[in-house]
Every structure is written in structure tokens, then in C-alpha cells.
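The values are calculated or read from the model by the stated rules, or taken from the named source; none is laboratory data. Predicted model, so just to flag it, every value in this text is computed and none were measured. All Cβ positions, even for glycine, are placed from backbone atoms using ideal geometry, and neighbour counts span all protein chains on display.
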Amino acid sequence: MAKRLAIFDLDGTLLNTIGDLAEACNYMLTLRGLGLHTREEYAQMVGNGILNLVKRALPEELRRPEYVMAAREDFLAYYTANIDQYTVPYEGIREVLHTLQESGWEMAVASNKFDEGTKQLVASIFPEVNFRAIYGNKEGFPLKPDAALLDLIMKECEATTETTTMIGDSGIDIQTAKSAGVRSVGCSWGFRSREELEEYGADHIIDRPIELLNILK
């Protein structure tokens, strides 16, 4: 029998990471004497991987490939060393993960954050949760909304499209679920708006983590 599988996005879904992402980006900008952005502004820049975040933070005239790559290295050096200074799980998330685990659900994480950082945060903040698979931006795999990472996770967890649900806070996550042919749950507490989740056609939209248990029965 195929396993019931819940695949979670990380940033904006399980963890509020915007403080550390903003600090690292502003550190990179400060090194270059450039203007800084607010956390609210960064919330609209995240979701497509670190390279795209750094590119969006830079002035348009500086978004040359070599400049962006150098800026990315400065960002990563700071962020890796300070990855969990301000990062916290959203209220109620830990309890929901525990309940799903006790109910026999398989759980996994699929993020566009770099793979090492994804694994580091999950291991540090949720050491008691048995995630069957934890993947960030993995070499050889395209970023979400491509379905490749979800396909890999479903295979590893012995799940099917009918038994799998993707949970995330952005249109990218909803697109990913559609690309993979799985059910989607949009989380309105994350970095993006309920309107974005509606626009991309989430199968369900929830405002609090506890509401997920009414869907994953």
C-alpha cells in the first residue's frame, strides 16, 4: 500500500527565516555600500533560491552575472555562519508535525534554499521529527516549481500522487504541486498573501497550522 506523504516547503511554511535572510542580504549590501531593504521587502524576494534572492536585492544595474556570483558568496558566508539567529518555527507547527508523525504519515521537506542550509536548519530545529527526506536546492535538480524533487521524494517514500500532499506558502509551491500532480495546501501565515495562493489555485488554504490536521486525515 502506498504511504501517505506530506511534503513541506521550509521558508515561510515550517520556519520563519526572513530575519536571517534579511540580515545576510543586508550584510552583503553593506559590504558594497548599497542601500538596504526591509524584512517586508525581502519577503517578496524569496522563494526562487539564493541566487535569485541576491540578484533581486541588488540594484538592477549591478545584476551582471559575475557581480551577482561574488555577492552570493558573501551572502552565503554570512548566512551559513548565522543561519538560525532569528529563525523560529511558526506557532503550532511543531505540534502538528508530532501529530502527523504519531498518525503514521511520512513527512519530507522540499525547499529552494541551498541543500546544506535546508538540512542544517531542519536538523537543528526539528531534531525529534523523523523526516524521511530533506532536500534543498540539490545539484542536478531544477528548482521548484519543477516537479523533479517531489518525484524523487515520492519514490524514496514509496508514495503516489494520490497519497501525497504538498504544503507551502507561495504560488511556487502550488505550481510545484500541480506539476507533480499532487494535492496542494497553501499556508497564509507565510511570506506571501492569501490572494497569491488563491490566484495559483491551491486546493486548500489554511490560516493556522492546526487546520492542516483537518485535511490530512
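Scanning the range 147-165 for residues that are within 12 Å of Ser111 (Cβ to Cβ) and touching a residue at least 60 places away in the same chain (Cβ under 8 Å), which turns out nearest to the chain's Cα centre (by Cα)? Walk me through it before giving the result.
Going residue by residue through the range 147-165, those that are within 12 Å of Ser111 (Cβ to Cβ) are 149-150, 153.
Next cut, touching a residue at least 60 places away in the same chain (Cβ under 8 Å) only: 150, 153.
Values: Leu150: 13, Ile153: 15 Å.
My answer is Leu150.
Considering Val96, Val88, Val46, which residue is touching a residue at least 40 places away in the same chain (Cβ under 8 Å) and closer than 20 Å to Leu149 by Cβ?
The conditions single out Val46.
Could you check, for the range 8-21, whether at least one of its residues is part of a helix (DSSP H, G or I) and over 30 Å from Leu152 (Cα atoms)?
yes
Residues that are outside the structural domain of Leu10 (by TED's automatic domain parsing) and in contact with a Phe, Trp or Tyr (Cβ under 9 Å, 6 or more places away or on another chain): which helices (runs of 4 or more DSSP H) entirely in the range 127-217 hold 1 or more of them?
none
Taking into account only those residues within the range 57-87 that are outside any helix (DSSP H, G or I) and in contact with a helix residue (DSSP H, G or I) (Cβ under 8 Å, 6 or more places away or on another chain), which is surrounded by the fewest Cβ atoms within 10 Å (Cβ to Cβ)?
Going through the qualifying residues, I end up with Gln85.
Inspect the range 105-121 for any residue being of a type in the set (Ser, Thr, Tyr), within 30 Å of Glu162 (Cβ to Cβ) and either in contact with a helix residue (DSSP H, G or I) (Cβ under 7 Å, 6 or more places away or on another chain) or free of Cβ contacts under 8 Å to residues at least 12 places away in the same chain (or both) and give the result as yes or no.
Within the range 105-121 (the criterion being of a type in the set (Ser, Thr, Tyr), within 30 Å of Glu162 (Cβ to Cβ) and either in contact with a helix residue (DSSP H, G or I) (Cβ under 7 Å, 6 or more places away or on another chain) or free of Cβ contacts under 8 Å to residues at least 12 places away in the same chain (or both)), the answer is yes, since at least one residue qualifies.
Take the residues in the range 19-56 that are of a type in the set (Asp, Glu) and buried (at least 16 other Cβ atoms within 10 Å of the Cβ); name whichever of them is farthest from Pro142 (Cα to Cα).
Glu23
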